[in-house]
Structure formats: structure tokens, C-alpha cells
Amino acid sequence: MTMPMNLPTLYSIRMWTEDVNPSYITFIDEMRATGQDVVDIFVTHDGYNTLDEWAGGVVERLLELWTEGTELHLTGYCGGGDLLITALPILERSGIHADYVGFVDIRAVRQGDPLQKGLFSLYEVPWSGRIWRQLMRLTPPDRETLGVVIGSILRRSVRSVIELPKRGWRSKKRRNPAIYRQLWLEYRCAWPSVKTPAYLYVCANSVERYTPGDPSAGSALTLQGGFVIRSIDGNHETCIAPPYSTDLIARINADRRAVVAGVGAFQ
């Protein structure tokens, strides 16, 4: 079905390979079936030492494809959204501000979760990064007390010692080799402040699981240019698959049409 307005090209940032996340490839095809031009941007993580460097490679690829002077519409799902968050400040520093930015269920997590799940050890996060992430728990939107933070650190320390004989500090059995390097880069990232306004398409399931009680869906510290939250159906895995993808695509296209018409949420 062709939409009544031919929208600008949508550049979709992807982190995972087609083998890891085939559903998103299908989702892009569904978006194209609505009559819109969607460009899938995938840059392998090989050769990059930080998420910022990797995002820089994504920006280089984007600028090769985008025609300067035309409207710039960007979107990212899951890890692709994390790459996009990191790429946006690079664009902003170059004087390029996207007209539309959409994040599909990027799943911001509470700062204490990686510690509780042992992800710092699993992905070999340096101590400077671990301390920085724990200090963030004392600031909005978490606002945890110092006692709570110290208590969770002590509990995790005891648990790690108990687990040591069974799994070791960095058990390779818990690692998914297909996504290990990507997450290795992500857990070393100090998330930047993004000034470009954004639309967040978030599953209620994800809010309850990852940011309960936080109306910003965990994005207030990062998306400082403002954001609109659209509640979507399904869960993280199913929201981009039929039947839920139909409503999600319609919602994205509607927001993009509003932006083009100059009546979007940030106009």
C-alpha cells in the first residue's frame, strides 16, 4: 500500500548482522512495502576499539549516501539505536541536525543491572567504567541512595566469590560469540548528551522490565534535546514482527509525515 505522502529517505542504522537479527531485515522490507525509501546502513564493528569510533564509521557511511541539503531522517532499533545515539553528537558537531530521529525499543537499563547480572566482568569493563556507571546511580533518573548503591556492590561481590569455583570471573559459557565484541564495545561507552529531539517507540513490557517507574524510559540523561514517547505493542523481540509491526510502521510514518508538514511534536 502506497502512503499518500512520499517521505524523505529513511536511513536505518543496524548493529547486528542479518544472521543475529533477521527480523529487522524483514521489518525494513515491510517499511519499504508502504511505499517509502528505506536505506539499511550496516557497518561491521571490525577494526574499531570504541563505540564512538564505530559510530564514526557509521556517520562516514551515512554521509556517503545522504544528499546534503535534503531532509535527514534516521532510525535505529535495539543496538542500532545505541549506535545512533553515539553517532548523533558526531553529526551535531559537524553542524548536521537530523529532521527526524526515531528509536525503536532501545531498552535503557538501570545502572545497577549490569552489576547485578555480572555483565561488567563478562564483558571485561575496566574499573574506571565500572565506577563511573555506579556513580551515575546517584543522579537522576535513578536517584538511588549511597547506601543502596554500596549495598548492591557488596552483595554482588559476595555472589561473585561464591560463583568463582563454578563459573570463574569471566565465564565464556555465558557469552554469545556472535554479539560479544559489539557488547564489549558498548559496555565501555560513556553515553553522550544528544541535543537532537527524538521519538521513542517503546514497548510497555520493556518499560516495566528495565525502567519501572521512570516516565522517561531511562533516556532523560542522554536525550537532552527532548523526546516523545510512543507506546507500542508486543515485546522487544515481537514489536518489529507481524502483527505488531503494522501499527509500529504506521506510527513511524505518521510522525515522519508530521515532521515533513512542519506540525511534528518539536515544530
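Please treat every number below as a calculation from the coordinates, not as lab data. Treat the numbers as computed from the prediction; the structure is a model and nothing was measured. Here the Cβ positions follow ideal geometry from the backbone for every residue, glycine too, while neighbour counts run over all protein chains shown.
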Worksheet, complete the sentence: For the chain, whose charge dipole is built from +1 on Lys and Arg Cβ atoms and -1 on Asp and Glu Cβ atoms, the candidate among Leu138, Leu62, Ala220 with its Cα farthest towards the positive end is Leu138
Worksheet item: Taking the simple approach of a point 7 Å from Cα along Cα-to-Cβ for both Val263 and Ile150, what is their distance in nm?
Response: 5.6 nm
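Taking 8 Å as the Cα distance limit and 6 or more residues as the minimum spacing, I'd like the relative contact order of the chain as a percentage. Walk me through the intermediate numbers first.
Values: 384 pairs, mean separation 54.4, N = 267.
Across the chain, relative contact order equals 20 percent.
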Discussion item. Skipping prolines and chain starts, which residues have an amide H placed within reach, meaning under 5 Å, of the one on Val39, given they are 5 or more residues away or on another chain?
Written reply: Leu10, Tyr11, Ser12
Response to the item:
Dividing the helical contributions, -39500 (n - 2.57) per DSSP H run of n ≥ 4, by the residues of the chain yields a 222 nm value, nearest 500 deg cm²/dmol, of -13000 deg cm²/dmol
